[in-house]
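Beneath this line is the structure, given in C-alpha cells, with notes to follow.
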Amino acid sequence: MKTSSERRTIRFAAWLAIALLTLFIHPPQSASGNAYYALLSQPYAAVETPLVTLENGTDGTSILNANHTNARITIDATQSQLTYNYSLNVVSNNASSCEVRLEEFYNTDISRINATIILHDNSNSSQQITMSGGNLTQTNTYFDLASNGTIHVGVMDLIESSEGTTILNVYIRTRTLNTTTYTLYILTFEFT
Amino acid sequence: MKMNYKKSLKLITLLVSALLIGTVSASVYYSLTMTSTVSVATNDVYFVLGADNETAGVSLTGARNTTATISSLKAYANATTTYSDPLKVRNNATSGTTNIRLRPVTLSGGASQFVFINFTLNDGATTYASLNYTSNGSVWTTPSTTSFVQISAPTEWYVTIETKAIDGATSASVTIAIAVDIQ
C-alpha cells in the first residue's frame, strides 16, 4: 500500500511529465503579422419595379416574363420580303430619359435569314443588327428613349432562303443617360 | 500527514529548469533593439467617387474617405443591372505597389427576392478581385475573402456592382458591408 504522500508525489511527477511533454511538442513560438487597415463599403440594394419594361407589339407573337423584362418573339419568315415595324415595344416608366441598344449574344442557323433589326419611335430610327448571307453585324448605337415614352423594335426586309427555325438572342441594353450604369434585358427572336 | 517539502522543492526546481531549457533549446537567438516613433499618417489608399456615384447614391465619410455608403442600388426582376463606376479605390502612393483584397463583413436582409449581388475590383479591362453574393431563393451564400492583389501607385480601380432579382420579384432589400483590406 502506498502512503498518501507517495501518491501525491506520483501525481505531481505525472503532471510534471505532462508539462515537459507539452513543452517538447509545442516549443515556445514567435508570432509575427502584417499590419493592415481597411476601407469599409456599405452598399444597400433594393428590388424595385423596372424603369423600362417590354410590351407586346402588334406584329408576331410575344411571350413576356412576369415583370416584362424578358421577351421571346416568334416571327414568321417567308421567301418573300416582309417588314414587321412593331415586333416589340420598349416602354419607359421613368421620369428620366435613357438610351437603348441591341446586342447579339447567341444565334443558331442565321445563314437562312436575311433581315435588319431596328429601333424606332415612328419619326427616327436606328439600325441595330443586320443578318445577311450568314454574317451578322451590329452597330452598338444607342437610341434615345424619352421619359415615359415608347420605342419599337422593327424587323425590316425579312426573308428566308429555306425552311427552318432561326434563333437570335440579343440583350436590350438600357443605359442611364451620361453614365455607365446599364441594365440588360434578354430578347429572343424565333424566326420560323 | 506531512508534505515532503524537500522533494517538492526539488521537483519545482526541475520544472523551472525544464521550462528554461524548453524556451531556449535548439535555436540561437540574437536581438535588435528598435525604438519606434509613431505618428499619425494619412492613408495612401482610399475611396474616391466614381462617375456613376449619383446613380448609385454614393457618399464618402471618414477622415480620408475610408468609408463609402452606397444607398441607391436597384435590382430588377430577371435583368442584370451593372453599376460600372460608382466608386473607385485609389492608391495615392507615389511609387511601389500595395496589397489589397476584398473581405465580406456583414449582410442583413432576406435572400428570397435576389439572384446575386456581385462586387468586383477592376481596371476596366481586368478583374482583380470579386465578391459574389448569391441566393438560392432562401439563403445567401457569402463569398470567401479574396486573395491579396497588388495595386500599383498611383492607380485607381473601379468597384463595379452587378445586381439581379428573381423573375416575379416585388420588394426586398439587403445591406452588405464589405471591407477593402490594405496591407
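Of everything in the stretch A:6-23 that is more than 9 Å from every other protein chain (Cβ to nearest Cβ) and of a type in the set (A, V, I, L, M), the residue that is nearest to B:Ser8 (Cα to Cα) is A:Ile10. Against the conditions (1) more than 10 Å from every other protein chain (Cβ to nearest Cβ); (2) modelled with pLDDT under 95; (3) surrounded by 17 or more Cβ atoms within 10 Å (Cβ to Cβ), where does B:Asn65 fall short? Just the number, please. The one condition B:Asn65 does not meet is (1).
Are any of the residues in the stretch B:80-90 more than 9 Å from chain A (Cβ to nearest Cβ) and part of a loop (DSSP other than H, G, I, E, B)? It would help to see each step written out before you state the result.
Step one: of the stretch B:80-90, the residues more than 9 Å from chain A (Cβ to nearest Cβ) are B:88, B:90.
So of that shortlist, the ones also part of a loop (DSSP other than H, G, I, E, B) come out as none.
Taking every residue of the stretch B:80-90 in turn, none turns out to be more than 9 Å from chain A (Cβ to nearest Cβ) and part of a loop (DSSP other than H, G, I, E, B).
I'd like to check something: does the stretch A:171-185 contain any residue that is within 14 Å of chain B (Cβ to nearest Cβ), surrounded by fewer than 15 Cβ atoms within 10 Å (Cβ to Cβ) and in contact (Cβ under 8 Å) with a residue 60 or more places away in the chain? Yes, the stretch A:171-185 contains a residue that is within 14 Å of chain B (Cβ to nearest Cβ), surrounded by fewer than 15 Cβ atoms within 10 Å (Cβ to Cβ) and in contact (Cβ under 8 Å) with a residue 60 or more places away in the chain.
Residues in the stretch A:35-82 that are part of a strand (DSSP E or B) and within 30 Å of B:Thr61 (Cα to Cα): A:Tyr37, A:Ala38, A:Leu39, A:Leu40, A:Ser41, A:Gln42, A:Pro43, A:Tyr44, A:Ala45, A:Ala46, A:Val47. Residue pairs whose Cβ atoms lie under 9 Å apart, separated by 6 or more positions or on different chains, with the first residue in the stretch B:121-148 and under 21 Å from B:Leu107 (Cβ atoms) and the second surrounded by fewer than 11 Cβ atoms within 10 Å (Cβ to Cβ), are B:Ala129/B:Ser147; B:Leu131/B:Ser144.
Answer yes or no as to whether B:Thr170 is of a type in the set (S, T, N, Q), under 18 Å from B:Thr80 (Cα atoms), surrounded by fewer than 15 Cβ atoms within 10 Å (Cβ to Cβ) and at the interface with another protein chain (Cβ under 9 Å from one of its Cβ atoms). Spelling it out, B:Thr170 is indeed of a type in the set (S, T, N, Q), under 18 Å from B:Thr80 (Cα atoms), surrounded by fewer than 15 Cβ atoms within 10 Å (Cβ to Cβ) and at the interface with another protein chain (Cβ under 9 Å from one of its Cβ atoms). Among the residues making up the stretch B:68-79, those that are within 7 Å of chain A (Cβ to nearest Cβ) and not β-branched (Val, Ile, Thr) are B:Ala68, B:Ser71, B:Leu73, B:Lys74, B:Ala75, B:Tyr76, B:Ala77, B:Asn78, B:Ala79.
Determine, yes or no, whether B:Gly110 is assigned to a loop (DSSP other than H, G, I, E, B), away from chain A (no Cβ under 12 Å) and of a type in the set (Gly, Ala, Ser).
Values: assigned to a loop (DSSP other than H, G, I, E, B): yes; away from chain A (no Cβ under 12 Å): no; of a type in the set (Gly, Ala, Ser): yes.
Here the answer is no, as B:Gly110 does not meet what is asked.
At least 2 residues being over 21 Å from the mean Cα position of the chain (by Cα) is the threshold, and among the strands (runs of 3 or more DSSP E) wholly inside the stretch A:92-165 those reaching it are A:113-120, A:125-132, A:135-138, A:150-160.
The lone criterion from (1) of a type outside the set (Ser, Thr, Tyr); (2) facing chain A (nearest Cβ under 9 Å); (3) under 29 Å from A:Thr53 (Cα atoms); (4) under 17 Å from the mean Cα position of the chain (by Cα) left unmet by B:Ile100 is number (3).
The values are calculated or read from the model by the stated rules, or taken from the named source; none is laboratory data. Remember, predicted model here, so these are calculated numbers, not experimental data. For neighbour counting, all protein chains shown are included, and Cβ atoms are generated from backbone atoms with ideal geometry for every residue, glycine included.
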